[in-house]
Amino acid sequence: MSISFTLARRYMAGRKLRTALTTLAIVLGVMLIFGFNGTLPGMMEWMRKSMLASVGEVDLNVQSASSALFDQRVADKVAAVDGVAAATPVLRRNVTLPEKPDYHTTGITVIGIDPVVSPDVRSYPVAEGRMLAASDDDTNARPVAVIPASTAEKMGLAVGDELVVPAASGAMTFEVVGTLDSPVPPATDEVYVSLPLAQDMFAAPGRASAIEAAFEGGADEETVQEAVGDAVGDGYVIGSVTADSTLAAGFEVAGTIFNVLGLFALAMGGFIILNTFRTIVAERRHDIGMLRAIGASRRQILGLFLTESLVQGVLGTGLGLLAGWGFATVTAAGMSELVGDLMRIESFETSFSVSTWVLAITLGMGATVLSAILPAIAASRITPLDAMRPQLGDVYEKAATKRGWVGLALVAIAAGMLLSGNDGLIGLGGLLLLVGMSLGASAAVKPITDFFSRGIELVYRREGALARANLQRNPGRAGVTVSAVMISLALVTGIMTMTAAVVGGYAEYAEKATGTDYLVIPQGLMLSGGMVGAGPEMAEAVRSTEGVGDVATLRYAPAVVGDLTVQVVGIDAEEYAKVASFRYSEGSSDADLAKLADPDMVLANASFRAQTKTAKGDTVEVMTPEGARTFTIAGGGNDYINAKLPTVYVSQEALADLWGVTADVMVLANATEGADKAAVLQSLGATIDGFPSFKLYDALAWQQVQNDLFGQLEIVYYTLAVVLAIPSLLALLNTLAIGVLARTREIGMLRAVGATRRQVKRLVVAESFLLAAVGTAAGLVAGVPLGYVIVRSIGAVGLEFDFVWPTTGLVVTVIVGLLFAVLAAIIPARQAARLDVIRALRYE
Amino acid sequence: MSVRHAILGLLAQQPRHGYELHGAFQAIVGGSLWPLNPAQIYTTLGRLEEAGMVVKTAIRRMGGPDQHIFELTGTGRDELDRWYAEGVHSTHQRDEVFLKIALALADERADAGSIVRVQRATLYRDLHELTTRRNDVQVLAQALLLDKAIMHIEADLRWLEMVEARLHEMRRLPATDIPPPRRGRPPRTAPERGGAQTRQPEENRKGTPTWQS
Amino acid sequence: MAIVETKGLTKVYGTGETAVTALDAVDLSLDPGEFVAVMGPSGCGKSTLLNLVGGLDTPTSGTVTIDGREISQLSDDEITRLRRERIGFVFQFFNLIPVLSAVENAALPLILDRGGSARAAAKAEEWLERVGLEDRRANRPDQLSGGQQQRVAVARALVTEPALVLADEPTGNLDSKSSEEIATLLRQVSSEWGRAILMVTHDPRIAAHADRIVFMRDGRIVDDTKIAGAESARDAMERVGLL
Ligand SMILES: Nc1ncnc2c1ncn2[C@@H]1O[C@H](COP(=O)(O)OP(=O)(O)O)[C@@H](O)[C@H]1O
Ligand SMILES: [Mg+2]
């Protein structure tokens, strides 16, 4: 084995604690990256499989690009294409089932099919009873349904039983006339009904969500697919089934977050490695000089350290891969457990693609070796004469001061940028601030520790003073640690600030939304794809309830602008203005709302305007089931529920004309003046009982629900923030451990002249507190502007929030910082206290 | 010189012939290290006999001349006991090198610096020689004798170093003002290595301009 | 031909007001196998001289010629090679790599020279045996006494069979018994194994092992004396007053 490896191995083995801590720094990052990238493809694959299964043996599938409903007659166009044997419209909607203990499922997909044509396109192997027949089209007859055997089993249904499904006009009760042996996608339970019945249920007469077709035998699939594309025109997707885009997007966002977390952890790992290697080089100065004297070339010295970093990298990356594999396996098992209740899945498979391996290994090794390069180069510059000289402390000091000034200048520039009001400059300013503060950290160590140690010295005078002197003696190392702690805690503060702004902002919206006395909304909060709407009966029923005054309804359809999927919300401008309050953007008012009477006019929310880069008065081209339409933006405003998604508001007439949607997804109502609100709530409750997929809230209950929701959101954010800070804990731990090692002799001396174990322990803890205090203070100073930058930047993509002073966030940050100080100090303090005095004194 | 006492000591062990005494002495000090002339032994024995410290008995040998065996008397024993009981005074204050240097300082044609250098070279040569021998010597008694010699040379070298460092001070003092050297110098015991020889003169430089301290 | 020769070797540290002339026009030459001790008060430039001769530092002016090659003409890599192949070093401190065993430390120069490690180990063991440490070959420096550590350093200095060994106060850190052992070992290095040695020491007893002593003061050589094989022990005895 080469001498470099021998040396690397022995040196590392000689410093087990430090090696372990350094390794841990890499393990964390690699684990996150490898683990998540190993889980993600499995999830996506699983989703794709479920989608494919739902398409079953269908040769061709046509859907609108926006996944909006469209005219079922498109099926005729498809059927007319050469090579297509049969084509049939399908209406597929997900509904939330009313809670019923024996159903064991919360959602079910209602699939409306043409009982005559559909069997030509797809096979329906009957297990028991019968398949749907042409006669079942009769909407006046007793509704019948056919369900897959697996669904029947899960819901405890048999042929002849009744199944209650929420519908636009209230609940609909079906008689199960048959069960099918057809394969069911793992995610869903299904119920097949005749198409006209389904259209009736969802208040979508004559509309379909997809056309399914079968090829003629021997037809060239690609040619036919192209011909179908030509026949149906723009706005349709042919062939493949797009995965449920919101779920997929969710996974992708999570993937990005994990990768960013992993990268961040690796960057911190890099910091730690830099720190470790700088110490190592300083520590082995004499060894290096001696090696140079007896004939080692610069390159050999460089090689020595790079080898060591390589060994460190292999160790960290290897363990990281192992941990990542464990992480992925546990995640997959957890997901299977979690989702398995809702959907029928066997298991999630973890899958580690070549690119995942390459990514994790490259990043893990890369971060290690790159961070070691600078110290390694410094080591190769050590001359043989350095071996015989004591270390030169003041050179170090001077460089740190110079960097301090550069840092200060950067911070000043950053402050200017932050105050400029320009979004681009503000973003850059945030980055500059962090860089500047990191640079300045080592120069700032002295004054700041002077300040903080006063507190500690009040309690433990000697330990505090010693700890301070120790930190100030090595401002470079302390600076790196402080930077690491600072960046972490700045992120924590930043996220907290953002949370405060977002939660505060939404709370304000929520309050506005509850200017309405009562809300009737679907079980799930968001208006989205498969949500069942209600026919005019529901709004009518609400209106006619005693004590109810003004009533407004919201309707919903999806649409596409460019590449962007947007929501189209249909409102009755006059009603809406009376019941709900819009939060108008600057320059818009109720007058703009009234303009919606013109079917070519829309209101757009901030998210929409930001993502399409439009403003009041601009025109936008929106893809509708009737083809592309150009609208003029009459004004801007947000309503609470739709603020997160790009949304345009149109009149309900326009929505019916272009999207064929007449179902209400939300009803807002006010009580008449002087009515007994509680009584009204009660009678409204009775009214809504007839519509099982809807829920009724009064203002207070609604707000309560929202607050709970935000409470959860806040917890998620806070957890994320704390996780983000963990690498800085490692950095702190690393620095302290290194400090204890470097001062072994000194500690031995202190013990020899009479310091007790407890005093030595206190010394390390005091040092930890000082480092953490400096880092936390810097983190707070950098974090608030960072939070401001984040709030501004999410404002720039359309979620306008006011910057709120993040008091809770600051408190949490301080607590995290101090907690870390204690946690980080535990191991090194015990080590220091346990040092054997005699051996410590002999330590070189 | 205490050849006298060496003979008394050797006779105290047992009565001996003259040449036997010579051999025994050589065995103790190690042959060539401290060469002693047999004639010197007989002269000394004669004087001791006169003083009544030894007595001579003749022994007739077959086919050869008579041989004398010397024996310790009571007076001799007393003298030996007295010798053991007394301490030995240092004689280093009567130093030749010192005289050379002191006189050379007052002599235009002599160079004190050169004397120091020559002396140092000489001492180092001796030291080299003794060191080399010391490594070969097997008898402990002889090794100790060599060690003593080596230590003395070390002490002399240190003294020389000190002198060299202060030669210029000595030059500034008129020869007639040079008082006789006092007892106790150079130092009787060698100071620790790297010790006084450099520090001491520096301390004194600040004080009175005299080379004695 | 001399193995080492310096001509007008001068080293000035710093510039202007604070300039220190550590070495002032030093001419010195060593014959092959010659053992030369350098003596003089602290700060007189002994280490500087050694460092310049060893190519660890560059002179302000003057030349150092080793084996007929003037080292100021060589690149850093060439000097490194020269050090590795022709010069052995023994320092006062930090001689050994703490994580390597005695035999590994001794083999270092060969290993650095890309010698096959088996061959390197064999040579190192051979030298360890010669310095009397064959039973300590597997021990790490912290398990060796100061004297043993220095002996490993001597073995390491000799393992490449260099022409010249440079030793800067090799016994400065040792008790007198160990010092004596190291000095005897160095004597052997010169007389038996024929290496030239340039050794800095403060200790006359250590210097006495050399063939020649160079006395320095304020960066200059003030005296240069051969001390080997000149006088009889008798003369010596008489001079110290034992006769
Ligand atoms: N790197 C350096 N910078 C400045 N002065 C130095 C340096 N190295 C040595 N010196 C000075 O040069 C002189 C000779 O030093 P050195 O050769 O180490 O003396 P010594 O004879 O004690 O080994 C001393 O005055 C020392 O202070
Ligand atoms: Mg020196």
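A quick yes/no check of all residues on (1) outside any helix (DSSP H, G or I); (2) under 30 Å from B:LEU127 (Cβ atoms); (3) modelled with pLDDT of 85 or more:
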| site | (1), (2), (3) |
| --- | --- |
| B:PRO35 | yes, yes, no |
| B:TYR42 | no, no, yes |
| B:ARG47 | no, no, yes |
| B:ILE69 | yes, no, yes |
| B:ARG82 | no, no, yes |
>> For segment A:806-844, which positions are within 15 Å of A:GLU714 (Cβ to Cβ), open to solvent by less than 70 Å² (accessible area, probe 1.4 Å) and either at pLDDT below 80 or of a type in the set (Gly, Ala, Ser) (or both)?
In response: A:PRO806, A:GLY809
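Of all the residues that make up segment B:1-34, how many are within 14 Å of another protein chain (Cβ to nearest Cβ) and either in contact (Cβ under 8 Å) with a residue 40 or more places away in the chain or open to solvent by 50 Å² or more (accessible area, probe 1.4 Å) (or both)? Steps first, please.
So in segment B:1-34, the residues within 14 Å of another protein chain (Cβ to nearest Cβ) come out as B:1-3, B:6, B:25-26, B:28-34.
Checking the rest, the ones that are also either in contact (Cβ under 8 Å) with a residue 40 or more places away in the chain or open to solvent by 50 Å² or more (accessible area, probe 1.4 Å) (or both) come to B:1-3, B:28-30, B:32-34.
Number of matching residues: 9.
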>> Residue under question is C:ILE111, and the condition is that it be away from ligand 1 (no atom under 16 Å from the Cβ), part of a helix (DSSP H, G or I) and in contact with a Gly (Cβ under 6 Å, 6 or more places away or on another chain); does it hold?
In response: no
>> Going residue by residue through segment C:4-24, is there one that turns out to be more than 22 Å from C:ARG69 (Cα to Cα), within 20 Å of the chain's Cα centre (by Cα) and more than 9 Å from ligand 1 (Cβ to nearest atom)?
In response: no
> Among the residues of segment B:107-139, which ones are farther than 15 Å from C:ASP224 by Cα, touching a residue at least 40 places away in the same chain (Cβ under 8 Å) and surrounded by 15 or more Cβ atoms within 10 Å (Cβ to Cβ)?
Replying inline: B:ALA112, B:ARG133, B:VAL137
> Restricting attention to segment C:6-32, and to residues there that are in contact (Cβ under 8 Å) with a residue 24 or more places away in the chain and among the hydroxyl-bearing types (Ser, Thr, Tyr), which single residue is farthest from ligand 2 (Cβ to nearest atom)?
Replying inline: C:SER29
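Being out of contact with any Pro (no Cβ under 6 Å at 6 or more places or on another chain) and more than 16 Å from ligand 2 (Cβ to nearest atom) narrows it down to one residue among C:ILE3, C:ILE79; which is it?
The unique qualifying residue is C:ILE79.
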>> Suppose we filter segment C:33-63 for residues that are in contact with a Lys or Arg (Cβ under 7 Å, 6 or more places away or on another chain), within 10 Å of ligand 2 (Cβ to nearest atom) and on the phi > 0 side of the Ramachandran plot; how many remain?
In response: 1
> What are the residues in segment A:4-21 that are hydrophobic (A, V, I, L, M, F, W, C) and either open to solvent by less than 30 Å² (accessible area, probe 1.4 Å) or touching a Cys at 6+ places or on another chain (Cβ under 9 Å) (or both), if any?
Replying inline: A:LEU7, A:ALA8, A:MET12, A:LEU21
>> If A:ALA296 satisfies all but one of (1) of a type in the set (A, V, I, L, M, F, W, C); (2) in contact with a Leu (Cβ under 9 Å, 6 or more places away or on another chain); (3) in contact (Cβ under 8 Å) with a residue 60 or more places away in the chain; (4) more than 30 Å from A:GLY38 (Cβ to Cβ), what's the number of the condition it fails?
In response: (3)
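Does C:ASP218 count as within 16 Å of ligand 2 (Cβ to nearest atom), in contact with a helix residue (DSSP H, G or I) (Cβ under 6 Å, 6 or more places away or on another chain) and either more than 12 Å from every other protein chain (Cβ to nearest Cβ) or open to solvent by 10 Å² or more (accessible area, probe 1.4 Å) (or both)?
Numbers: within 16 Å of ligand 2 (Cβ to nearest atom): yes; in contact with a helix residue (DSSP H, G or I) (Cβ under 6 Å, 6 or more places away or on another chain): no; either more than 12 Å from every other protein chain (Cβ to nearest Cβ) or open to solvent by 10 Å² or more (accessible area, probe 1.4 Å) (or both): yes.
Here the answer is no, as C:ASP218 does not meet what is asked.
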>> If I go through segment A:723-767 residue by residue, how many of them are buried (at least 17 other Cβ atoms within 10 Å of the Cβ) and of a type in the set (Lys, Arg)?
In response: 4
>> For segment A:438-460, check the following and say yes or no: at least one residue is open to solvent by 60 Å² or more (accessible area, probe 1.4 Å), outside any helix (DSSP H, G or I) and within 30 Å of A:ALA755 (Cβ to Cβ).
In response: yes
>> Among the residues of segment A:565-575, what is the count of those that are touching a helix residue (DSSP H, G or I) at 6+ places or on another chain (Cβ under 6 Å) and either open to solvent by 40 Å² or more (accessible area, probe 1.4 Å) or at pLDDT 85 or above (or both)?
In response: 2
>> Tally up the residues in segment C:32-77 that are surrounded by 14 or more Cβ atoms within 10 Å (Cβ to Cβ) and either part of a helix (DSSP H, G or I) or within 12 Å of chain A (Cβ to nearest Cβ) (or both), please.
In response: 14
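Could you grab me the full set of residues in segment C:1-22 that are of a type in the set (A, V, I, L, M), over 23 Å from B:TYR124 (Cβ atoms) and in a strand (DSSP E or B)?
C:LEU9, C:VAL12, C:VAL20, C:ALA22
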> Among the residues of segment C:151-170 satisfying the criterion of being open to solvent by less than 10 Å² (accessible area, probe 1.4 Å) and within 16 Å of ligand 2 (Cβ to nearest atom), which is nearest to the other protein chains (Cβ to nearest Cβ)?
Replying inline: C:LEU166
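So that you can scan it fast, the table gives a plain yes or no per residue for (1) charged (D, E, K, R); (2) within 16 Å of ligand 1 (Cβ to nearest atom); (3) touching a Pro at 6+ places or on another chain (Cβ under 6 Å):
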position: C:LEU52; (1), (2), (3): no, yes, yes
position: C:THR65; (1), (2), (3): no, no, no
position: C:ARG69; (1), (2), (3): yes, no, no
position: C:GLU85; (1), (2), (3): yes, no, no
position: C:VAL99; (1), (2), (3): no, no, no
> Got a sec? Which helices (runs of 4 or more DSSP H) wholly within segment A:65-178 have at least 3 residues that are hydrophobic (A, V, I, L, M, F, W, C)?
Replying inline: A:74-80, A:149-155
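For a quick check of your reading: which helices (runs of 4 or more DSSP H) sit entirely within segment C:126-225 and have at least 3 residues that are away from ligand 1 (no atom under 16 Å from the Cβ) and under 24 Å from C:LEU110 (Cα atoms)?
Because the criterion is at least 3 residues that are away from ligand 1 (no atom under 16 Å from the Cβ) and under 24 Å from C:LEU110 (Cα atoms), the helices (runs of 4 or more DSSP H) in segment C:126-225 that meet it are C:146-158, C:176-191.
Against the condition in contact with a Phe, Trp or Tyr (Cβ under 8 Å, 6 or more places away or on another chain), within 12 Å of chain A (Cβ to nearest Cβ) and away from ligand 2 (no atom under 16 Å from the Cβ), how does C:ALA106 come out, does it pass?
On the way: in contact with a Phe, Trp or Tyr (Cβ under 8 Å, 6 or more places away or on another chain): yes; within 12 Å of chain A (Cβ to nearest Cβ): yes; away from ligand 2 (no atom under 16 Å from the Cβ): yes.
So C:ALA106 passes the test.
The values are calculated or read from the model by the stated rules, or taken from the named source; none is laboratory data. This structure is a prediction, so every number in the text was calculated from the model and none was measured. Neighbour counts run over all protein chains shown; Cβ positions are idealised from the backbone, glycine included. Surface areas here come from the heavy atoms of the whole protein model, side chains and all, with no ligands, DNA or RNA. Shrake-Rupley method; radii C 1.70, N 1.55, O 1.52, S 1.80 Å.
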